[in-house]
Amino acid sequence: MKIIAIGRNYAEHAKELNNPVPTTPVIFLKPDTALLKDNKPFYHPDFSEDIHHELEVVLKISKEGKHISEKFAAGYYDEIALGVDFTARDIQSRHKEKGLPWELAKAFDNSAPVSNFVPKTQFADIYQLNFHLDVNGQTRQTGNTSNLLFSFEYIIAFVSRYFTLKKGDLIFTGTPAGVAKVAVGDRLEGYLETEKLIDFYIK
Ligand code: MG
């Protein structure tokens with residue numbers, strides 16, 4: 001499986017990092033070794049002094065497809081989850097300055113914690129979903145999928161022009177504002193609507 005991630009898909013987050021609001025999706029990949037499941041702890045790596053949390057809604061692809069049209073894209077995912085797109089912001093900043101790729105900042109081991117998946121039919125409107133992240137009991141990020149710049153269907157259509165999507169692939173759909181540094185000992189709790197799906201520690 002592969003993990004596809006969208007950068008800058010909420011305008012307020014693009015602005016907080018002084019990035020332009022994009023007119024086409026910003027795409028990057030994480031390898032399967034980035035996946036961290038079952039709310040296992042995240043061990044802070046020693047190559048970064050500035051690992052940020054980015055809470056995101058994650059789609060699980062339910063069948064293979066390429067060149068999927070936006071009109072049919074909703075049929076390619078049945079379940080959603082919450083994920084954290086851990087980002088070594090110090091490395092990313094250096095690489096952005098030089099125009100270098102982001103993999104060392106974004107794709108390292110365990111950089112993609114993902115919660116259990118829930119059926120999307122559980123929600124009346126997939127584009128009115130509230131989600132938020134608490135760190136040590138304080139709310140740090142709040143998002144609502146009504147604020148997505150590029151819809152889930154648009155993203156699936158867009159990326160499937162370049163990469164064949166396979167059953168089980170994951171798509172991180174972008175983070176709202178409020179990203180910040182994590183520290184050893186922090187507890188991260190992520191909620192989709194009222195359901196707590198993420199609950200793990202930084203070790
Ligand atoms: Mg992200």
Inset, instruction - Identify the GluC sites (Glu not before Pro) of the stretch 105-203 meeting these criteria: DSSP loop state and at most 12 other C-beta atoms within 10 Å of the C-beta. - result: none
Inset, instruction - Could you tell me, in Å, what Rg and Dmax come out for the Cα atoms of the stretch 133-203? - result: 15.1, 42
Legend entry - Longest DSSP-loop-exposure-free segment, chymotrypsin sites (Phe, Trp or Tyr not before Pro), the chain, at most 14 other Cβ within 10 Å: 48-126
Inset, instruction - Could you pull out the pairs from LYS37/LYS167; LYS120/LYS203; LYS166/LYS196; LYS2/LYS63 whose alpha carbons sit more than 24 Å apart here? - result: LYS120/LYS203; LYS166/LYS196
Inset, instruction - Please give the length that would be gained between THR23 and GLU49 if that part of the chain were fully extended, namely 0.36 nm times their separation in residues minus their C-alpha to C-alpha distance (nm, one decimal). - result: 6.2 nm
Legend entry - For the stretch 141-151, Karplus couplings with θ = phi - 60° (6.51, -1.76, 1.60), whole Hz, Gly/Pro x: 10, 10, x, 9, 5, 5, 9, 4, 6, 10, 5
Inset, instruction - Give the carbon-plus-sulfur fraction of the accessible surface of the stretch 3-201 in %, rounded to a whole number; probe 1.4 Å, heavy atoms of protein chains only. - result: 50 percent
Inset, instruction - Determine the relative contact order of the chain: mean sequence separation of Cα pairs under 8 Å and six or more apart, normalised by residue count, in whole percent. - result: 34 percent
Inset, instruction - With a ≥ b ≥ c taken as the square roots of the eigenvalues of the C-alpha gyration tensor of the stretch 63-146, please select rounded if a/c is under 1.5 and otherwise prolate if a/b is larger than b/c or oblate if it is not? - result: oblate
Inset, instruction - Just check the stretch 85-203 against the gyration tensor rule for me: Cα atoms, a ≥ b ≥ c as the square roots of the eigenvalues, rounded for a/c under 1.5, and otherwise prolate or oblate depending on whether a/b exceeds b/c. - result: oblate
Legend entry - At q = 0.07, 0.10 Å⁻¹, base-10 log of I(q)/I(0) for the chain (Debye sum, equal scatterers on each alpha carbon): -0.18, -0.37
Inset, instruction - Could you list the trypsin sites (Lys or Arg not before Pro) in the stretch 102-177 that lie in coil according to DSSP, counting only those with at most 14 other Cβ atoms within 10 Å of their Cβ? - result: ARG161, LYS166, LYS167
Legend entry - ALA180 long-range amide H proximity, modeled H, under 5 Å: HIS53
Legend entry - Label-point gap, in nm, between HIS67 and GLU97 - each point 7 angstrom along Cα→Cβ: 4.4 nm
Inset, instruction - Give the Rg/Rh ratio for the stretch 1-115, taking Rg as the radius of gyration of the Cα atoms and Rh as the Kirkwood radius, to two decimals. - result: 0.97
Inset, instruction - Grab the DSSP H runs of the chain that are 4 residues or longer, score each as -39,500 (n - 2.57), total them, divide by all residues and round the 222 nm result to the nearest 500 deg cm²/dmol. - result: -3500 deg cm²/dmol
Inset, instruction - At 1.4 Å probe size, with no ligands or nucleic acids counted, give the accessible surface of LYS63 in Å², nearest ten. - result: 100 Å²
Inset, instruction - Send over the per residue convex hull volume for the stretch 30-87, Cα only, as a whole number of Å³. - result: 124 Å³
Legend entry - Karplus-derived 3J(HN,Hα), 6.51/-1.76/1.60, for each residue of the stretch 65-72, Hz, glycine and proline x: x, 9, 6, 6, 7, 4, 4, 9
Legend entry - Amide H contacts of THR175 (H built 1.01 Å from N, under 5 Å, at least 5 apart or other chain): ARG8, ASN9, TYR10
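The values are calculated or read from the model by the stated rules, or taken from the named source; none is laboratory data. Worth saying up front: this structure is predicted, and the values here are computed from it rather than measured. Methodologically, a virtual Cβ is constructed for each residue, glycine included, from the backbone with ideal geometry; neighbour enumeration extends over all protein chains shown. Accessible surface areas use protein heavy atoms only, side chains included; no ligands, DNA or RNA. Shrake-Rupley method; radii C 1.70, N 1.55, O 1.52, S 1.80 Å.
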